[in-house]
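The values are calculated or read from the model by the stated rules, or taken from the named source; none is laboratory data. Quick caveat, the model's predicted, so the values are computed rather than measured. Reconstructed Cβ throughout: ideal geometry from the backbone, glycine too, with neighbour counts over all protein chains shown. Side chains are part of the model used for accessible areas, which takes the heavy atoms of the whole protein and leaves out ligands, DNA and RNA. Shrake-Rupley method; radii C 1.70, N 1.55, O 1.52, S 1.80 Å.
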Number of protein chains: 2
Amino acid sequence: MSDRILMGHGSGGRMMHELISSCFAPAFGIEGLGDAAVLDLKKKGRLALSTDSYVVSPLFFPGGNIGELAVNGTVNDLAMAGAEPLYLTSGFIIEEGMPLSDLQRIIESMAQAAFNAGVKIVAGDTKVVDKGKGDGLFINTAGVGVIPEGVDLSPSHISEGDIIIISGDMGRHGMAVMSERSGLSFAPPVLSDTAALNGLTALMIKAAGGSLRAMRDPTRGGVATTLKEFALESGLAMEMDEDELPVTPGVKGACDLLGLDPLFVANEGLLLAVVSGDVSEYILKEMRAHTLGAGARAIGRVMPGPEGKVLLRTSIGGTRLVDMLEGGQLPRIC
Amino acid sequence: MSDRILMGHGSGGRMMHELISSCFAPAFGIEGLGDAAVLDLKKKGRLALSTDSYVVSPLFFPGGNIGELAVNGTVNDLAMAGAEPLYLTSGFIIEEGMPLSDLQRIIESMAQAAFNAGVKIVAGDTKVVDKGKGDGLFINTAGVGVIPEGVDLSPSHISEGDIIIISGDMGRHGMAVMSERSGLSFAPPVLSDTAALNGLTALMIKAAGGSLRAMRDPTRGGVATTLKEFALESGLAMEMDEDELPVTPGVKGACDLLGLDPLFVANEGLLLAVVSGDVSEYILKEMRAHTLGAGARAIGRVMPGPEGKVLLRTSIGGTRLVDMLEGGQLPRIC
């Protein structure tokens, strides 16, 4: 077999069948890709369905690669809806000439990430595009999960006086990708936070019940953009305390160097939650017992207005409006 | 708003939110893209899950475009498993500089195709890659369907003496794309056969019950490759009669001109089914009452051996082995 991907690997013939049976099928523990997977859904509840395409550049970055990102990202989208993620599909768009060894490393990372998250990759598809018409590899994953009865999360449930919680520190994924892309290296290196959050969210749902209003993972657009979405969708204002926003010195230094604001930098293993004020301390205590919630803290509160706005109470006692960026600071980050 | 896609449209900020709320959300009848869709699955049965990425070049071809292909293709994958397709997700990887009007036309085609197929597009995602790192647009769709109780299709159920049925004539999609790509035009033009087959398959399942062993749509690799898969997965031989293989004069002429064999050319609205011999005539009669099955006919039979082989009984009375191609005749056809 060639050590690089050729156009023939995408054309439906023997080369494609061999690539699938030698690379994808054993890693994912399935017989083949392409047909519909047939599943006995034993869990009861509403279905959650999500998809994301991953176009991160470069494919490998400090702390991860596109494969685990593609698994964790879609697992997290389901988890944020309150679902227990169960099954993933994966679609690969491979640029002709991609080293087969890179593809294999990425597939193995996906299999490991799926195992860690407790989900199964049950169906997939490979396409090959001509050299110069892609960029190494793009991966799409779609995911199916089940939302247990009684769980109903939505920004529309957010109420005045609720507390805004973050599960850890901001900006690691974006800065890890940027440092690789710009050739900067930091000591110690900034590593992506890519991780599956479904263990943490299950624990939060159990602890909080209906006091948990909404959760979302601040990926593209960062914490600021997610809070803006909460503000718009709830018709309330989200107020953050600048002094409470957790950023590691490494991420802060990298952001300073590149002129970026960590509030807008992508995360891939972080969540924001809005919870009712009376249970926030209890939920934080529960979250801190989980590896991915060890740094959980309250960063602000929900105010009646100005409607749809995000406010930042600064260290020196002022207040400023935080809005979405027009475009984005960092392209191709996930 | 710019009339072309810019990098900022993929970066999570206001431009992306505007693109989604102005283009995708109204066409698909959903509030936004990005979050997990929450669905009440009222139908009972096993779940079918499928995905495909679409990288067809060019994006527009006689008889269709990448958008309807992306809907019909995934609907068909579910239908071939015996499922009633219900929900789709869609992931867009857009090359910077793509005309917004092209994107809009494609989205409208998707919405129309979903309506025609009776499915809902419930979740999605948009990514933008730098000019020269993509090729206009790639679309991934994943689909969820429900397989009614009692329906159990699989090539492993294929038995000696079963009849191989085709729903119509071969090779139209591949030749439509090739004619566009090569600048050839035929009179009358060869149009893609892209269509959702779930109406036809529902009718076949109702008519045939357990006498319907397996169905598959011969896309990449064409009829020959699908029959080879049936042969390998059943451990039996598939024998075709050359004189029974339906090809329009237009497709035959185009194939002759380009040196292609219609047996290996992709179809996007065609199915192959294997049914028990005693009901084949009845099923064919039922199929012919459906627009997409008007040309249905038996093209061969299942033989005990040689195991895993596909045989073609030629017009002049000989028999030749038909195998998968090594790579493929036609790249980027779907």
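Structure summary
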read-out	value
Helix A:198-208 vs. chain A, principal-axis angle (Cα, 0 to 90°, nearest 10)	30
With every protein chain in place, the stretch A:199-334: carbon and sulfur % of accessible area (1.4 Å)	53
Net charge of Cβ neighbours under 9 Å - reference A:THR51; Lys, Arg +1; Asp, Glu -1	-3
Pairs from A:LYS43/B:LYS206; B:LYS120/B:LYS206; A:LYS120/A:LYS252; A:LYS42/A:LYS285; A:LYS127/B:LYS44 whose Cα-Cα separation, in the structure shown, is over 30 Å	A:LYS120/A:LYS252; A:LYS42/A:LYS285; A:LYS127/B:LYS44
Antiparallel content of DSSP bridges confined to the stretch A:28-145, in %, to 5	65
Enclosed volume per residue, in Å³, of the convex hull spanned by Cα atoms of the stretch A:69-205	160
With Cα atoms, 0 to 90° folded angle of helix B:100-117 axis to chain B main axis	50
At 7 Å out from Cα toward Cβ: A:ASP243 inter-copy label distances (nm, ascending)	9.2
Relative contact order (%) - criterion: Cα under 8 Å, at least six apart; region: the stretch A:260-334	27
Viscosity 0.692 mPa s, temperature 37 °C, Stokes-Einstein D of the stretch A:180-313 from Kirkwood C-alpha radius, µm²/s	207
Relative contact order computed over the stretch B:1-143 (Cα-Cα under 8 Å; 6+ residues apart), in percent	38
Cα centroid separation - the stretch B:120-145 against the stretch A:294-334, whole Å	29
GluC sites (Glu not before Pro) within the stretch B:102-208, DSSP loop, no more than 15 other Cβ atoms inside 10 Å	B:GLU149, B:GLU160
Per-copy distances of the B:GLY118 label point, shortest first, in nm (7 angstrom along Cα→Cβ)	3.7
Rounded to the nearest 20 debye, dipole of chain B from Cβ charges on Lys, Arg, Asp, Glu	280
Cα centroid of the stretch B:162-238 to Cα centroid of the stretch A:154-221, whole Å	46
Residues in the stretch B:37-66 occluded by at least 50 Å² - accessible area, probe radius 1.4 Å, against chain by itself	B:VAL38, B:LEU39, B:ARG46, B:LEU47, B:LEU49, B:THR51, B:SER53
DSSP-defined beta bridges in the protein assembly as shown - what % are antiparallel, rounded to 5	80
Degrees between helix A:66-80 axis and first principal axis of chain A (Cα, 0 to 90, nearest 10)	40
Convex hull volume of chain B per residue (C-alpha atoms, cubic angstrom)	132
GNM flexibility winner over chain B from B:LEU103, B:LEU321, B:LEU88 (Cα, springs under 10 Å)	B:LEU321
Contact surface A-B: accessible area buried, both sides summed, square angstrom, 1.4 angstrom probe	5500
Full-extension gain in nm, A:ASP40 to A:THR291, via 0.36 nm per residue minus C-alpha separation	87.2 nm
Chain B - percent relative contact order, Cα under 8 Å, separation 6 or more	22
Loop sites in the stretch A:254-334: GluC sites (Glu not before Pro), DSSP, at most 13 other Cβ within 10 Å	A:GLU307, A:GLU326
Average beta carbon contacts from partner chains per residue of B:322-334, 10 Å cutoff	6
Placed amide H near A:THR126: partners under 5 Å, 5+ positions off or other chain	A:PHE92
Helical contribution to [θ] at 222 nm, DSSP H n ≥ 4, -39,500 (n - 2.57), averaged over chain B, rounded to 500	-8500 deg cm²/dmol
Mean shadow area of the protein assembly as shown, taken as a quarter of the surface of its Cα convex hull (nm²)	28.3
The stretch B:206-334 - accessible surface per residue (Å², probe 1.4 Å)	40
Gaussian network model of chain A, springs between alpha carbon atoms under 10 Å - residue of A:ALA294, A:ALA111, A:ALA254 with greatest fluctuation	A:ALA294
